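The structure appears below as structure tokens.
Just so it is clear, none of the values below were taken in a lab; they were calculated from the coordinates. Because the structure is predicted, anything quoted here is derived from the model rather than measured. Cβ: placed from backbone, ideal geometry, glycine included. Neighbour counts: every protein chain shown.
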Amino acid sequence: MHAARGWKPNLLVPVRDAATLRGEYRLLRALCHPEGSVKLLGIATRETVEDLSGRIDALAGSLRQAGVFTSDSVIDSTGFETGVVAGMQALGSAFFRPNLLFLDLPDGPAHQAELPSLLLEARRQRVGVIVCAMHHEAGSGREQVVNVWLDLSAQGSSIAEVLTEGNSHLALLLAYRLARAWEAELNIVGTISRAEDEASARAQVDEIRDLARIPATGRTHILVGEIEAVAHLSPQSDFDIIGLRAGDDLAFMNRMVEATRSSCMFTLDSGNENVLA
């Protein structure tokens, strides 16, 4: 893949469990090598701060050895949400200011309640968001196929409107980077409301591929219906990347992991990304 990119991901990765981070090591490396960066932020209690500090420092060292610019720190916080917000605010003026907040799909009612306010704070600080949902059995699979989803139901809209309204700038940028790192197929899966719009939707995707300089290493698939209803018809991938829309919630994310039978990244644009630049 030869497309040039001015945008690069500088990830802020909050960590409360180093074991989960180990499972995402290859994904973080693929997204950020060679020109991105990772800031690991351990969120600990007074009782766990020493143990978490050692584990996170070791993981940061492994990422650095793999060629990813990585730094790490641990804060003693009264809660995960409070610690993440404090970290975002403190790093807002840093030289390597994070432009992406990397979150795991939370499980359990207590953790799930934290997500909406974290998304709100990220939007307020104009930081993009990745919510990563690893499939409990497949993991990152064979690392050979990446699907990125586009909502093309608003036929007649400009390409810029389609990408902005669908929160798709970040999804496409990350899909490109992941496919490049894995030397994988990059499929664009578009959803439309009416079968008669298929030809114009394909033309839109062709234009997006051309303007975004995305090599044609995969296929274009146009599916008729809502994303959840047609997800099982998409080509089997190792990762599906989906821009979050208004109304999408944790239940939607969990259902998409099951429907696609793959790990998923759900993205929320900050407004600073532009895949067409």
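Below are the figures for this structure:
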| item | result |
| --- | --- |
| Listed residue (Leu268, Ala216, Gly247) projecting farthest to the positive dipole end of region 215-277, Cβ model | Ala216 |
| Antiparallel bridge percentage (DSSP; both residues within the chain; nearest 5) | 10 |
| Residues with amide H under 5 Å from that of Gly42, placed H, sequence gap 5 or more | Val15, Ser73, Val74, Ile75 |
| Per residue convex hull volume, Cα atoms of region 145-268, in Å³ | 90 |
| Using alpha-carbon coordinates, inclination of helix 80-91 to the longest axis of the chain, degrees | 90 |
| For region 10-132, diffusion coefficient by Stokes-Einstein and Kirkwood Rh (Cα), 10 °C, 1.306 mPa s, µm²/s | 110 |
| GluC sites (Glu not before Pro) restricted to DSSP loop in region 215-277 with at most 12 other C-beta within 10 Å | Glu226 |
| Cβ charges +1 (Lys, Arg) and -1 (Asp, Glu), total dipole of region 10-132, debye | 480 |
| Selection of GluC sites (Glu not before Pro), region 31-87, meeting DSSP coil and at most 16 other Cβ within 10 Å | Glu35, Glu47 |
| Crossing angle, helix 198-211 versus the chain [Cα axis fit, 0-90 degrees, rounded to tens] | 50 |
| 0 to 90° range, to nearest 10: angle between helix 49-65 axis and the chain longest Cα axis | 50 |
| Footprinting exposure proxy for His111, His135 (fewest neighbouring C-beta atoms within 10 Å first) | His111, His135 |
| Separation of alpha-carbon centers, region 5-23 and region 211-277, rounded to whole Å | 20 |
| Under the Karplus curve 6.51 cos²θ - 1.76 cosθ + 1.60, θ = phi - 60°, whole-Hz ³J(HN,Hα) for region 115-127, x wherever Gly or Pro sits | 5, x, 6, 5, 5, 5, 5, 4, 4, 4, 8, 6, 10 |
| Residues whose placed amide H lies under 5 Å from that of Leu101, excluding near-sequence neighbours | Leu12, Gly128, Val129, Ile130 |
| The chain: calculated mean residue ellipticity at 222 nm from DSSP helix runs of at least 4, using -39500 (n - 2.57) | -11000 deg cm²/dmol |
| Neighbour count of at most 14 Cβ within 10 Å plus DSSP loop: longest chymotrypsin sites (Phe, Trp or Tyr not before Pro)-free window in the chain | 97-277 |
| Debye, to nearest 20: dipole size of the chain, +1 on Lys, Arg Cβ, -1 on Asp, Glu Cβ | 800 |
| In region 125-186, the trypsin sites (Lys or Arg not before Pro) that fall in loop regions by DSSP, at most 15 other Cβ within 10 Å | Arg126, Arg142 |
| Ranked Cys132, Cys32, criterion: other C-beta atoms within 10 Å, fewest first | Cys132, Cys32 |
